[in-house]
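Presented below is the structure to which this report refers.
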Amino acid sequence: TAKPTQRPAASKEDKLIVIDSGHGGKDSGAVGMLDGKQIYEKDLTLSIAKKVREVLEKNGYKTDMTRTDDRFLELTEPPAQANEENAAAFVSIHINSVDEAPEASGTEVYYSVLNNGDSYGATSEELAENVLTRMLYYMRSKNRGIKTADHAVTKRCKMPAILIEVGFITNEDELRNMCSDEYQYKVAQGIAEGIMNTVKDITIP
Ligand code: ZN
């Protein structure tokens, strides 16, 4: 029996996910103290981003990173890269901090209302919700919710884009967790599942 000619649905290998590790090089990001040692946000974000890449690639997704080592990028560079590469989704990983409130804790995810179109079949808000849901499932951290902000990296992206604040570098318990490989894999598994749950609905216009 003859079937009507149909373009096959884009396979997941066709959908590139760009992972951005916040800060780098001369920009350390927030600084925490653990057992008398300084811990830099830029190192935690890179370490988690590499694990997100690992989980996504294990699941057959194509990924790219904005940096794979300790280098400084202008804030316009990650979105320019994602746009140029025609990515399906963009995820920027950060660690939160707050002065004089060591008890502050939890996970929050931002998107920019300047980039929340549905021409990709899924919005930045949906990506944020899916990622936060799966992160909380694995991390069991406090839910600080979905927030909007016009961050330099997310607002310039054409595709669904989010900025994740994994936890607080100023909270000793969260910092200790975020420094452990085991916990970083939980974070990465949550982020990757949230991305995969969204990217399946994405068609690149
Ligand atoms: Zn940051």
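The values are calculated or read from the model by the stated rules, or taken from the named source; none is laboratory data. This structure is a prediction, so every number in the text was calculated from the model and none was measured. Neighbour counts run over all protein chains shown; Cβ positions are idealised from the backbone, glycine included. Heads up: the accessible areas ignore ligands, DNA and RNA and are worked out on the full protein's heavy atoms, side chains in. Shrake-Rupley method; radii C 1.70, N 1.55, O 1.52, S 1.80 Å.
Just a few scattered comments:
- Residue selected from the range 178-195 under the condition over 19 Å from Glu57 (Cβ atoms) and part of a helix (DSSP H, G or I), by the criterion least open to solvent (accessible area, probe 1.4 Å): Met178
- Out of Lys12, Lys58, Lys26, Lys37, sole residue that is of a type in the set (Lys, Arg), closer than 22 Å to Arg134 by Cβ and at pLDDT 95 or above: Lys58
- Filter result for the condition that a residue is over 18 Å from Glu193 (Cβ atoms), in contact (Cβ under 8 Å) with a residue 60 or more places away in the chain and part of a helix (DSSP H, G or I), over Thr170, Thr133, Thr154: Thr154
- Number of positions in the range 156-177 that are within 16 Å of the ligand (Cβ to nearest atom) and surrounded by fewer than 17 Cβ atoms within 10 Å (Cβ to Cβ): 0
- The conditions of being open to solvent by 20 Å² or more (accessible area, probe 1.4 Å), among the basic types (Lys, Arg), within 20 Å of Thr45 (Cα to Cα) and at pLDDT 95 or above are met by Arg140.
- If the condition is being closer than 22 Å to Ile39 by Cα and away from the ligand (no atom under 16 Å from the Cβ), then the range 102-134 contributes Pro102, Glu103, Ser105.
- Looking only at the range 14-43, and only at residues there that are closer than 16 Å to Ile169 by Cα and part of a loop (DSSP other than H, G, I, E, B), the one that is most open to solvent (accessible area, probe 1.4 Å): Asp35
- Residue check: Asp99 meets all listed conditions (1) away from the ligand (no atom under 16 Å from the Cβ); (2) open to solvent by 20 Å² or more (accessible area, probe 1.4 Å) but one, namely (1).
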